[in-house]
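Input: a single structure, listed below in structure tokens.
The values are calculated or read from the model by the stated rules, or taken from the named source; none is laboratory data. It should be emphasised that the depicted structure is a prediction, and the values quoted were computed from it without experimental measurement. FYI the Cβ positions are ideal-geometry reconstructions off the backbone, even for glycines, and counts take in every protein chain you see.
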Amino acid sequence: MLAFKNVTLNLGGRNVLENVCFELKKGEFAYLTGRTGSGKTSLMRLIYADLKPTSGSVVYGEYSSDTLKPAQIPFLRRKLGVVFQDFSLLPDKTVGENLAFVLKATGWTNKTAIKNRINEVLMTVGLSARVGNYPHQLSGGEQQRTAIARALLNDPPLILADEPTGNLDPEVTDVIVEIFQKIHRAGASVLFVTHEYDLIARRPARVLRLHEGRLSEG
């Protein structure tokens, strides 16, 4: 599903990533960990084509960084669900309106289908009762669950979670990780970025480690 093939990324004259190789299979859950500045976010940005490798290639499905054209990037991103540390919700829209905005932007036009899909993803993250609330009326954990629901809208086969628990309390963190594992059990692949080693110990899975731009496993 996803492959990094001898990927080096040079930014500002420095190798942020160096000769990175790994594969993520369909339906696999993996953690990506490492200290701040080790290259985790840059690696994620390569996947959704916000950066291009200096050498090597990133392959996701039918898309390869070697041949990817700018016009193809929006279509690649529709096949990814991305969740960030900051929730990036539209403050003047309710939970339901935030989700509807994304669906309409990605080509959904049928009002009934939009409403049904919003209900489905909110049920997945346990927020059905919050559909009419604005972001400022939600806790941090509820805002992150809304962001996860947004990432699920177009049923992407791969979910990228970039430090999704970084701003949350430990008890809320467990709820969020359980949602991602639930999504994984339903068939999606998940690449979960975290530096919280106690989280990994509590909920073990495959671990990819970055140190000074180099990737190791285990």
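Just checking, which of ILE118, ILE114 is under 25 Å from GLN181 (Cβ atoms) and in a helix (DSSP H, G or I)?
On the way: ILE114 fails: under 25 Å from GLN181 (Cβ atoms).
Answer to the check: ILE118.
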Next item on the list: Give the range 63-109 a look and list any residue that's in contact with a Leu (Cβ under 8 Å, 6 or more places away or on another chain), in a loop (DSSP other than H, G, I, E, B) and among the charged types (D, E, K, R), or say none.
Entry: LYS79
Note to self: Being acidic (Asp, Glu) and without any contact (Cβ under 8 Å) to a residue 12 or more places away in the chain is the filter here; which residues of the range 1-53 pass it?
What the structure shows: ASP50
Note to self: within 23 Å of ARG150 (Cα to Cα), out of contact with any helix residue (DSSP H, G or I) (no Cβ under 9 Å at 6 or more places or on another chain), surrounded by 13 or more Cβ atoms within 10 Å (Cβ to Cβ) and assigned by TED's automatic domain parsing to the domain that holds SER216: is that true of SER57 in this structure?
What the structure shows: no
Check: Are any residues in the range 86-118 acidic (Asp, Glu) and modelled with pLDDT of 95 or more, and if so, which ones?
Finding: ASP92, GLU97
Item checked: Of all residues in the range 142-179 being crowded, with 19+ Cβ neighbours inside 10 Å and among the small types (Gly, Ala, Ser), the one that is nearest to the chain's Cα centre (by Cα) -> ALA161
